[in-house]
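Below: the structure, in structure tokens.
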Amino acid sequence: MNRYMREFVTTTQELLGSDTVRSMGQWKHHGPISTLDHSLFVAYLSYRWARFLHLDARAAARGGLLHDLYLYDSRDKSAHPGWQCFDHPRAAAQNAQTLTELSPKERNIILSHMWPLGGALPRSPEAWLVDLVDTICAGLEVFRIYHPAKLRKRLGVVPIAGAGTA
């Protein structure tokens, strides 16, 4: 594990140790990619870019890790009330607020990560960054250019037993 990965793990250790966060491994997000693997990918790249750009790397990492904490099978239409792309940021923000204390910036990162679809406008450079990184990561996953399970394994994050991650 390189220095940046160690710093990322230290920054997010409270969340990475949470059964709630690790339970995201049981739900598929983009094709065969779990929500946990996708969220780690977004969080780590957002953290690295935020450091490079001298932004709030902690908020970018935490917001990135929690941005899809909606905790249901998005493919099951009965599990959520409306359109997944419009509704899941609010569910993720509510679950994240239950899990940990969020700063206003972190809450906006979660609520605005689907902008313009999700409704909320990104209000900080970190929110714009996570929105962009999420889009890039989703593209890399959907087109099978990168499988973020590799990153999860390098970071040493273990999904909840029985979760559907490889």
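The values are calculated or read from the model by the stated rules, or taken from the named source; none is laboratory data. Predicted, not measured: the structure shown is a model, and the values here were computed from it. Glycine gets a Cβ as well: all are built from the backbone with ideal geometry, and neighbour counts include every protein chain shown.
Name the residue that is surrounded by the most Cβ atoms within 10 Å (Cβ to Cβ), counting only residues in the range 11-31 that are of a type outside the set (Ser, Thr, Tyr) and within 13 Å of Leu99 (Cα to Cα). I'd like the intermediate steps shown before the answer.
Residues of the range 11-31 of a type outside the set (Ser, Thr, Tyr): 13-17, 19, 21-22, 24-31.
With within 13 Å of Leu99 (Cα to Cα) added as a condition, the list becomes 14-17, 19, 21-22.
Working: Glu14: 11, Leu15: 20, Leu16: 21, Gly17: 11, Asp19: 8, Val21: 27, Arg22: 19.
Filtering the range 11-31 for residues that are of a type outside the set (Ser, Thr, Tyr) and within 13 Å of Leu99 (Cα to Cα), the one surrounded by the most Cβ atoms within 10 Å (Cβ to Cβ) comes out as Val21.
Among the residues of the range 1-58, those that are at pLDDT 95 or above, over 11 Å from Arg152 (Cα atoms) and among the aromatic types (Phe, Trp, Tyr) comprise Tyr4, Phe8, Tyr47, Trp49, Phe52. Determine, yes or no, whether Ser78 is polar (S, T, N, Q) and either within 17 Å of Thr11 (Cβ to Cβ) or at pLDDT 95 or above (or both). Against the criterion (polar (S, T, N, Q) and either within 17 Å of Thr11 (Cβ to Cβ) or at pLDDT 95 or above (or both)), Ser78 does not qualify.
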